[in-house]
Amino acid sequence: MVALYKTIDTQMKFFFTVLALVFSFSGFSQLRKNVDAATFKKLIDEKKYVLIDLRTPDEIKSKGKIKGATEIDFLDKNAETNIQKLDKNKRYLIYCAGGGRSSDCADLMQKQGFKEVVNLEKGFGDWKNKGFEIETK
């Protein structure tokens with residue numbers, strides 16, 4: 001009887017290992033990265049990503065934003081709904097003021113099955129401090 005349990009246990013481990021490999025090599029895997037401002041700039045320049053600013057309208061109005069960014073206020077009560085409306089197959093660059101909200105948003109997007117999400121690790125403040133271009137309203 002003990003031998004039967006060991007055989008079943010071994011077969012189950014093998015099954016789950018194979019299952020994990022299948023999912024990791026299929027289209028089910030998502031990519032989420034945290035990058036510095038210089039890398040973020042290079043990715044913007046590739047023009048293969050949708051750029052999203054997650055700060056409030058007041059923050060954007062008073063401090064500016066990265067040129068071309070779509071605005072989605074992550075503190076708004078409809079933020080999760082607005083994120084869900086995005087095309088999960090596109091690639092996204094996201095940022096907020098310091099990296100906290102965008103990290104939370106990246107987690108949310110990964111859970112929802114977005115293909116690729118890249119977070120500006122230290123946020124807009126670091127972008128601006130590094131002297132990268134911004135636009136003001």
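Listed here are the residues, each with its yes/no results for (1) under 20 Å from LEU31 (Cβ atoms); (2) among the polar types (S, T, N, Q).
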{"position": "LEU75", "(1), (2)": "no, no"}
{"position": "ALA79", "(1), (2)": "no, no"}
{"position": "GLN84", "(1), (2)": "yes, yes"}
{"position": "LYS90", "(1), (2)": "yes, no"}
{"position": "ALA106", "(1), (2)": "yes, no"}
{"position": "VAL118", "(1), (2)": "yes, no"}
{"position": "PHE132", "(1), (2)": "no, no"}
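When the residues of region 121-131 are filtered to those that are in a helix (DSSP H, G or I) and touching a strand residue (DSSP E or B) at 6+ places or on another chain (Cβ under 8 Å), which remaining residue is nearest to SER62 (Cα to Cα)?
PHE124
Search region 91-111 for residues being touching a Lys or Arg at 6+ places or on another chain (Cβ under 7 Å) and at negative phi, and hand back the single one that is modelled with the lowest pLDDT.
GLN110
For (1) among the hydroxyl-bearing types (Ser, Thr, Tyr); (2) outside any helix (DSSP H, G or I), each residue gets a yes or a no:
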residue: ASP76; (1), (2): no, yes
residue: THR81; (1), (2): yes, no
residue: ASN89; (1), (2): no, yes
residue: GLY98; (1), (2): no, yes
residue: LEU108; (1), (2): no, no
residue: GLU133; (1), (2): no, yes
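Checking LYS13 against (1) modelled with pLDDT of 95 or more; (2) farther than 16 Å from PHE124 by Cα; (3) basic (Lys, Arg), only one condition comes out false. Which one?
Only one criterion is unmet by LYS13, namely (1).
Those residues that are of a type outside the set (S, T, N, Q), surrounded by fewer than 16 Cβ atoms within 10 Å (Cβ to Cβ) and in contact (Cβ under 8 Å) with a residue 24 or more places away in the chain, I need them from region 46-86; list them, please.
Hits for region 46-86 are LYS48, VAL50, LYS61, LYS63, LYS67, GLY68, LEU75, GLU80.
Would region 104-113 turn up any residue that is among the small types (Gly, Ala, Ser), surrounded by 21 or more Cβ atoms within 10 Å (Cβ to Cβ), under 16 Å from ASP36 (Cβ atoms) and within 8 Å of the chain's Cα centre (by Cα)?
Within region 104-113, one or more residues are among the small types (Gly, Ala, Ser), surrounded by 21 or more Cβ atoms within 10 Å (Cβ to Cβ), under 16 Å from ASP36 (Cβ atoms) and within 8 Å of the chain's Cα centre (by Cα).
Residue by residue through region 110-120, note down the ones that are assigned to a loop (DSSP other than H, G, I, E, B) and in contact with a helix residue (DSSP H, G or I) (Cβ under 8 Å, 6 or more places away or on another chain).
Scanning region 110-120 gives a single hit, GLN112.
Could you check GLN30 against (1) surrounded by 14 or more Cβ atoms within 10 Å (Cβ to Cβ); (2) at pLDDT 95 or above; (3) not acidic (Asp, Glu) and say which number it fails?
(2)
The values are calculated or read from the model by the stated rules, or taken from the named source; none is laboratory data. Computed from a predicted structure; not experimentally measured. Here the Cβ is made from the backbone with ideal geometry for all residues, glycine too, and neighbour counts use every protein chain on show.
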